[in-house]
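> Before we start, here is the structure in question, set down as structure tokens.
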Amino acid sequence: MENVVVLIVGAGPAGLATAACLTQFSIPYVIVEREDCSASLWRNRAYDRLKLHLAKEFCELPHMSYPADAPTYIPKALFVKYLDDYMERFDIQPKYLTSMESSKYENDKKCWSIVARDMAEGTTMNFVAKFLVVASGENSAENIPDIPGLHSFPGEAIHSSRYKSGKSFSGKSVLVIGSGNSGMEIAYDLATHGANTSIVIRSPIHVMTKELIRLGMTLAQHLPLNLVDNLLVMATKFIFGDLTRHGIRMPKMGPMNLKSKTGRSAVIDVGTVGLIKRGIIQVQGSISKIMGNIVKFQYGDEIPFEAIVFATGYKSTTNMWLKNGESMLNDNGLPTKEYPNHWKGENRLYCAGLARRGLAGIAADAKSIADDIKSVIGSMCG
Ligand SMILES: Cc1cc2nc3c(=O)[nH]c(=O)nc-3n(C[C@H](O)[C@H](O)[C@H](O)COP(=O)(O)OP(=O)(O)OC[C@H]3O[C@@H](n4cnc5c(N)ncnc54)[C@H](O)[C@@H]3O)c2cc1C
Ligand SMILES: *[C@@H]1O[C@H](CO)[C@@H](O)[C@H](O)[C@H]1NC(C)=O
């Protein structure tokens with residue numbers, strides 16, 4: 001049994017940022033991570049050509065900037081290097097291969113009682129913590145929709161987190177399901193590697209350039225969101241034209257409002273739209289079912305495919321191990337309270353990185369959490 005002041009679950013950017021902020025106040029913590037490395041999403045579950053979607057000034061963790069000569073849009077390898085440097089700078093040493101099994105609040109002892117599994121030894125570990133920080137990410141388990149007949153599909157069907165490059169799909173007919181940033185970029189990667197590529201775009205999306213998003217985020221610091229949204233929509237219409245006839249509809253709400261009210265991001269075009277306009281990538285509507293290698297679409301088309309990539313996002317698994325977390329998380333494992341009050345629950349329970357606000361949101365959460373823990377500890381001692 002180990003007594004700790006703060007237990008942090010997850011050594012992704014959110015856990016590391018929280019650890020660094022606690023270190024600034026000399027507050028001791030333990031950080032547990034189920035994988036054998038930090039930031040496994042970035043090291044092991046991201047495609048080769050991935051760069052940070054947002055400009056670097058919106059992607060810094062607390063207390064450490066990117067090198068001055070870093071490119072505006074940080075490539076995956078450089079981001080991983082930044083995290084390694086960050087860990088060294090703040091002397092962060094996670095307990096790896098340690099997976100949370102359960103944690104519940106002991107009302108009589110006023111602390112969190114935690115069971116974790118040492119995955120290397122196959123043994124159980126027990127912790128007692130005053131403070132518990134959930135930093136296990138919005139991306140902890142693959143979300144694959146339940147499509148009738150999917151089990152009958154004979155080809156390769158993978159989640160986007162296992163997709164590395166289009167090289168191995170050259171010459172094949174591939175269907176990408178999902179039109180967020182991952183889906184749109186993977187479709188582009190497939191097509192440019194010579195796969196006959198189709199993409200399912202079901203809901204309306206804002207397609208923008210990364211420069212426009214940067215401009216929008218910068219303007220939003222000074223101007224009302226509605227005004228920024230009007231500018232962005234005008235600019236995207238000018239740049240991309242009307243995409244409705246290519247199967248891409250625009251949401252009624254503007255991109256900045258949509259992000260702030262629903263957490264849904266605009267999609268950054270990496271060249272996909274051009275390929276769609278030229279008919280090199282085909283856009284499809286909803287799937288009604290799969291019969292062997294044939295995918296049947298809502299409007300009656302029946303098309304054979306050799307592979308499917310599910311860019312259908314992730315789901316949280318926090319509720320599988322967190323008991324007594326109702327004050328903070330809903331049944332889907334996401335914060336109940338609205339931003340900016342989402343990061344704190346009852347009984348010294350916190351979450352970092354669950355508000356769908358990317359790395360900037362993570363940095364803000366980490367600071368708020370460390371400040372709050374500091375003030376609670378201060379009041380306990382004084
Ligand atoms: C493809 C992709 C591109 C992105 N691009 C950007 C971008 O450009 N800019 C931006 O701001 N954001 C971006 N994001 C958002 C992304 O979520 C964050 O950048 C960041 O990785 C989230 O950090 P996190 O620490 O909250 O979660 P994660 O990075 O998922 O880390 C959580 C950690 O917790 C561990 N864990 C989970 N469950 C347990 C358990 N039970 N026990 C122990 N450990 C556990 C996991 O193994 C993982 O290492 C992107 C996301 C994806 C998927
Ligand atoms: C590519 O896929 C489309 C269906 O999306 C199909 O109509 C077309 O014949 C395919 N082209 C080749 C060269 O296989």
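Quick note: the coordinates plus some simple rules give every number you see, no bench work behind them. Everything numeric here is computed off the predicted structure, so don't read it as measured data. Ideal geometry is used to build each Cβ from the backbone, glycine not excepted, and the neighbour counts take in all protein chains shown.
> In debye to the nearest 20, how big a dipole does the range 1-143 give about its Cα centre with +1 on each Lys and Arg Cβ and -1 on each Asp and Glu Cβ? Please report the intermediate quantities before stating the final value.
Details: 15 positive and 19 negative charges, 45 e Å.
Once rounded to the nearest 20, the dipole reads 220 debye.
> Please name whichever of Gly137, Trp112, Tyr314 sits farthest to the positive end of the charge dipole of the chain, dipole taken about the Cα centre and charges placed at Cβ: Lys and Arg +1, Asp and Glu -1.
The one lying farthest along the dipole's positive direction is Tyr314.
> Provide the net charge surrounding Ser113, with neighbours chosen by a C-beta distance below 12 Å and charges set as Lys +1, Arg +1, Asp -1, Glu -1.
Numbers: positive: Lys104, Lys109, Lys110, Lys130, Lys323; negative: Glu2, Glu101, Glu106, Asp108.
Its environment carries a net charge of +1.
> Can I ask one more? Shape of the chain from its Cα gyration tensor (a ≥ b ≥ c, root eigenvalues): rounded if a/c is under 1.5, otherwise prolate when a/b > b/c, or oblate?
Working: a/c = 2.00, a/b = 1.55, b/c = 1.29.
It comes out prolate by the Cα gyration axes.
> Add -39500 (n - 2.57) for each DSSP H run of 4 or more in the chain, then divide by its residues: what number comes out at 222 nm, to the nearest 500 deg cm²/dmol? Let's see the in-between values first.
Values: 9 runs with 107 residues, N = 382.
Counting only the DSSP helices, I get -8500 deg cm²/dmol.
> Roughly how far apart, in whole Å, are the Cα centres of the range 225-285 and the range 323-347?
Centre-to-centre (Cα) distance: 32 Å.
> Only bridges with both residues in the chain count here: give the DSSP antiparallel percent, nearest 5.
Details: 27 of 62 bridges.
Bridges in the chain are about 45 percent antiparallel.
> Can you tell which of Ile177, Ile239, Ile308 shows the greatest fluctuation in a Gaussian network model of the chain with Cα springs below 10 Å?
Ile239
> Measure nothing fancy, just the Cα-based angle from helix 210-219's long axis to the longest principal axis of the chain, in degrees from 0 to 90, nearest 10.
50
> So what's the net charge close to Glu306: Lys and Arg +1, Asp and Glu -1, counting the other residues with Cβ under 14 Å from its Cβ? Provide the component values of the computation, followed by the final result.
On the way: positive: Lys172; negative: Glu156.
Surrounding charge for Glu306 is 0.
> Picking from Asn257, Val32, Met125, whose Cα lies most toward the positive end of the charge dipole for the chain (charges on Cβ: Lys, Arg +1; Asp, Glu -1)?
Among Asn257, Val32, Met125, the one farthest towards the positive end of the dipole of the chain is Asn257.
> Just want the ordering: Tyr299, Tyr29, from fewest to most Cβ atoms lying within 10 Å of their own Cβ.
Tyr299, Tyr29
> Still on this model: Which of Ser327, Ala360, Leu349 sits farthest toward the positive end of the charge dipole of the range 324-365, with +1 on the Cβ of Lys and Arg and -1 on the Cβ of Asp and Glu?
My answer, from the dipole projection, is Ala360.
> Just to be sure I understand: of the beta bridges DSSP finds with both ends in the range 99-205, what percent are antiparallel, rounded to 5? Can you show the working numbers first?
Working: 14 of 19 bridges.
Antiparallel bridges: around 75 percent, rounded to the nearest 5.
> Order these peptides, 63-73, 338-348, 310-320, by their mean beta-carbon neighbour count within 10 angstrom, highest first. The partial results should precede the final answer.
Working: 63-73: 12.6, 338-348: 16.5, 310-320: 18.9.
Put in order of decreasing packing, that is 310-320, 338-348, 63-73.
> So which of Lys172/Lys277; Lys56/Lys323; Lys110/Lys259; Lys81/Lys172 end up more than 32 Å apart, counting from Cα to Cα?
Working: Lys172/Lys277 21 Å; Lys56/Lys323 37 Å; Lys110/Lys259 37 Å; Lys81/Lys172 35 Å.
Over 32 Å Cα-Cα: Lys56/Lys323; Lys110/Lys259; Lys81/Lys172.
> Could you give the semi-axes, largest first, of the ellipsoid that matches the range 284-348, computed as the square roots of 5 times the alpha carbon gyration tensor eigenvalues and rounded to whole Å?
On the way: eigenvalues 335, 33, 17 Å².
Equivalent-ellipsoid dimensions as semi-axes: 41, 13, 9 Å.
> Can you bin the range 50-182 into rounded, prolate or oblate? Criterion: square roots of the alpha carbon gyration tensor eigenvalues sorted a ≥ b ≥ c, rounded for a/c under 1.5, prolate for a/b above b/c, oblate for the rest.
On the way: a/c = 2.41, a/b = 1.25, b/c = 1.92.
Taking the square roots of the gyration eigenvalues as a ≥ b ≥ c, the range 50-182 is oblate.
> Using 0.36 nm times the number of residues separating Lys95 and Thr336, minus their current alpha carbon distance, what extension gain do you get? Walk me through the numbers before you get to the answer.
Values: separation 241, 0.36 × 241 = 86.76 nm, distance 2.91 nm.
Result: 83.8 nm gained on full extension.
> Residues of the range 239-278 with the amide nitrogen closer than 14 Å to a label point 7 Å from the Cα of Asn230, along Cα-to-Cβ, please.
254
> Net charge near Gly263, counting Lys/Arg +1 and Asp/Glu -1 over other residues with Cβ under 12 Å of its Cβ? Walk me through the numbers on the way to the answer.
Working: positive: Lys259, Lys261, Arg264, Arg356, Arg357; negative: Glu138, Glu338.
Taking every Cβ under 12 Å from that of Gly263, the sum is +3.
> While we're looking at this one, here's another question. Which of Val32, Val233, Val174 ends up with the largest GNM mean-square fluctuation for the chain, with Cα atoms connected below 10 Å?
Fluctuation is largest for Val233.
> I need the shape label for the range 224-278. Rule: rounded when a/c is under 1.5, else prolate if a/b > b/c, else oblate, with a, b, c from the alpha carbon gyration tensor. Before the final figure, lay out each step's value.
On the way: a/c = 2.18, a/b = 1.75, b/c = 1.25.
In terms of gyration-tensor shape, prolate.
> What is the gain in length, in nm to one decimal, between Glu156 and Met380 on full extension, counting 0.36 nm per residue of separation less the C-alpha to C-alpha distance? The partial results should precede the final answer.
Working: separation 224, 0.36 × 224 = 80.64 nm, distance 5.66 nm.
Using 0.36 nm per residue and subtracting the Cα-Cα distance, I get 75.0 nm.
> Another question, then. Quantify how much of the Cα-Cα distance distribution of the range 142-193 extends past 15 Å, in percent. Numbers along the way, then the final one.
Numbers: 631 of 1326 pairs.
Tail of the P(r) past 15 Å holds 48 percent of the pairs.
> Only bridges whose two residues both fall in the range 1-159 count here: according to DSSP, what percent of them are antiparallel, nearest 5?
About 55 percent, rounded to the nearest 5.
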